[in-house]
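What follows is one structure encoded as structure tokens, with my remarks underneath.
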Amino acid sequence: MSKSYLSIERLTQKFPEGNGGTLTVFENASFGIEKGEFVCILGHSGCGKSTIMNILAGLAEPTSGVVKMDGYAVSGPSLDRGVVFQNYSLLPWLSTLKNVTFGVKARYPDWSKAKVEEHAREYLAMVGLEGDVVHRKPSQLSGGMRQRVSIARAFANHPKLLLLDEPFGALDALTRGTIQDELLKIWGGTEQTVFMITHDIDEAILLADRILLMTNGPFARVAESVEITIPRPRNRTEIIEHANYYPIRNHLVQFLGHRSKELAGQQSDAADLTPDTVRIDLTAPAPEDPKANDEDEPVLRAVNE
Ligand SMILES: Nc1ncnc2c1ncn2[C@@H]1O[C@H](COP(=O)(O)OP(=O)(O)OP(=O)(O)O)[C@@H](O)[C@H]1O
Ligand SMILES: [Mg+2]
């Protein structure tokens, strides 16, 4: 497990509660993410997704446990990890453009001012922000525009690890689709690793190699890792035709609707809680039946099509 590019080992987060008690958000959570993987995490509100992301970003210390990236323990923020926060977190005193150039300058200190600005404008244009709007302050933008600045800022820095906390939540369906496509293009052309929180099951199936499913808190855990057995490139209109689409979708809906609650609040003695791997593939050939060549005993074989 510790061999993964990003390795989350026995992570526990407790917070003091107002009544003097302690809230255990999650305990001994362990999972790994491979280099270049696109992983989404699904779970109900309050189960601890943003808390995990803040720890991965190096912005919060867990109560115990460790996160390793490329073999080194994560401590403090780094330009190698780009974050799109749930609440956008733009610098309010800087213009839209400067919110993006700020990080690009730090990432590429050798670049000229003109090159930094051109690069930032390119990424802002990619999320549909062009012209005078780039000189507006965050307070003068709509919620969806702020979210897009936040996306452009993270993408423009080419981080090795992109951490996205519901990055498309404030966007209308059309803009959302366009930016999802841009994200896939950027990710496809690099070795970037993506960890993304979303509440949208269809978005997760479209984008992810793997979906992690979290149970409800307290004592939430990453219970399952569901492989998305649908080949790329994927297209939002064609993906629903794939034989695995609805079986995978139904599994996710069933987990979020029922099992996330049934498994909730259970304290475990296990030192290391790793998710179960779930692989649903109706296109895989049926396993060899040892009796298939036995002429005396004809057998019926299931055809998974
Ligand atoms: N700094 C903090 N102090 C105390 N409790 C906290 C703190 N941060 C988070 N929590 C609690 O930890 C739990 C998990 O919060 P978190 O923000 O990680 O949830 P989430 O899964 O991201 O939810 P959502 O889907 O609504 O964004 C919640 O019960 C929250 O109240
Ligand atoms: Mg959250």
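Coordinate-derived values only; no laboratory data. Keep in mind it's a predicted model, so treat the numbers as computed, not measured. Cβ coordinates were reconstructed from backbone atoms using ideal geometry, including for glycine residues, and neighbour counts include every protein chain displayed.
Modelled this way, with points 7 Å down the Cα-to-C-beta line, the labels at ALA60 and TYR246 are 3.9 nm from one another. Beta bridges per DSSP, both residues in the chain: antiparallel share near 45 percent. A Förster distance of 41 Å, applied to the separation of the beta-carbon atoms of SER45 and LYS115, puts the FRET efficiency at 0.45. Put a dot 7 Å past the Cα of THR12, heading toward its Cβ, do the same for TYR108, and the two dots end up 4.5 nm apart. Our helix-only sum for the chain, with -39,500 (n - 2.57) per DSSP H run of n ≥ 4 divided by its residues, gives a mean residue ellipticity at 222 nm of -8500 deg cm²/dmol.
Looking at the range 110-257 alone, DSSP beta bridges between its own residues are antiparallel in about 50 percent of cases. In this calculation the C-beta distance from VAL133 to GLU227 is compared with R0 = 45 Å, giving a FRET efficiency of 0.65.
Once the Cα-Cα distance is subtracted from the 0.36 nm per residue extended length, the THR283 to ASN87 segment shows a gain of 66.5 nm.
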